[in-house]
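Encoded as structure tokens, the structure appears first; notes follow it.
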Amino acid sequence: MSPRSGGEADKFGNRYEGRWTTRQLLRVLVGQIDSVTVEEVGEIGEKVEFTVRAGTGEEVHQVKRQHGSANEWKLPVLNANGVLAAAQRHVSRKRQFLFVSTVPAVVLNQLADSARRSADLQTFVDYRLTNKDLRPGFDYLSGVYGSPEAAWQILRGLDVTWPDERDLADMNSALAGLLLEGAEPSLAAVGLGNLVPDNLSVTLDADKIVEL
């Protein structure tokens, strides 16, 4: 997400990644979370766009708009794109990992949701792998992560979401219109996002966002 030549920094607030980052900055201003740090220095910033902090918890977000023209993220494609490895890296360090895209990762989402709802691995295997895609999907992840136990633990620490790009922009504009003054709501939202390229690795809490 580092700014490149060609005016990318000016367009950041209008890109999907920028809109998702803007949503998190608005959550800071609302008081839902404490801060956002984009491209944080150190291993915590590896393979993710930014870190969200709330209380003592840490959540890292990896954003990939889409994969070619595919209308769904399949597990092998997620693996080839480094998403599964990034999830393992961060969940093993007690962070929540969130994968964000415009297209769904249905099997990964269902497996993660079922894992979080299961008290232990045996319950998960016996009662949650009912969909015809879930058991082979879990078998695949068990191979990637080395064991069913490791796969279950990592699934419990990750989440998946695929917000529609237009809905994301509209909600950002609505929130910006309520929280910010001095510009039309959609421009205020884009302007908030455009703070990011000049403040990489900076902890953006409410006071810092207001100052900027």
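The values are calculated or read from the model by the stated rules, or taken from the named source; none is laboratory data. On a predicted model such as this, the values are computed, not experimentally measured, just so you know. Positions of Cβ are backbone-derived with ideal geometry, glycine not excepted, and every protein chain shown enters the neighbour counts. Surface accessibility is based on the protein's heavy atoms, side chains included, excluding ligands, DNA and RNA. Shrake-Rupley method; radii C 1.70, N 1.55, O 1.52, S 1.80 Å.
Distance from the alpha carbon centroid of segment 38-67 to that of segment 153-187 works out to 16 angstrom. Can you compute the FRET efficiency between VAL106 and GLU46 using 1/(1 + (r/R0)^6), with r the Cβ-Cβ distance and R0 = 35 Å? Round to the nearest 0.05. The pair VAL106/GLU46 has a calculated efficiency of 0.85. Annotation: VAL30 carries an accessible surface of approximately 80 Å², with a 1.4 Å probe and no ligand, DNA or RNA atoms counted.
Overall dimensions of segment 99-212, expressed as equivalent-ellipsoid semi-axes from the Cα gyration tensor (√(5λ), whole Å, largest first), are 40, 16, 12.
Placing a label point 7 Å from the Cα of GLN66 along the Cα-to-Cβ direction, the residues of segment 157-173 with a backbone N closer than 20 Å are 160-171. For the set LYS94, LYS64, LYS74, solvent exposure ranked by accessible area (probe 1.4 Å, protein chains only) runs largest to smallest as LYS94, LYS74, LYS64.
Among the listed pairs LYS64/LYS132; LYS64/LYS208; LYS74/LYS132; LYS47/LYS94, those whose Cα-Cα separation exceeds 24 Å are LYS64/LYS132; LYS64/LYS208. Within the accessible surface of segment 116-176, defined with a 1.4 Å probe on protein heavy atoms only, the carbon and sulfur portion equals 49 percent. Multiplying the residue separation of ARG27 and LEU134 by 0.36 nm and subtracting their alpha-carbon distance yields 35.2 nm. Normalised per residue, the accessible area of the chain is 49 Å², obtained with a 1.4 Å probe and no contribution from ligands, DNA or RNA. Stretched out straight at 0.36 nm per residue, the stretch from LYS94 to VAL125 would grow longer than its current Cα-Cα span by 8.8 nm.
Here is the list for segment 121-169: trypsin sites (Lys or Arg not before Pro) lying in DSSP coil, each with at most 14 other C-beta atoms within 10 angstrom of its C-beta, are LYS132. Shown for the chain are the DSSP H helices of 18 Å or more along their axis, judged by Cα atoms, with a mean Kyte-Doolittle hydropathy of at least 0.0: 165-179.
Taking the Cα centre of segment 19-88 as origin, work out the dipole magnitude from +1 charges on Lys and Arg Cβ and -1 charges on Asp and Glu Cβ, in debye rounded to 20. Intermediate results must be reported in sequence, preceding the final value.
Working: 8 positive and 9 negative charges, 77 e Å.
The calculation lands at about 380 debye.
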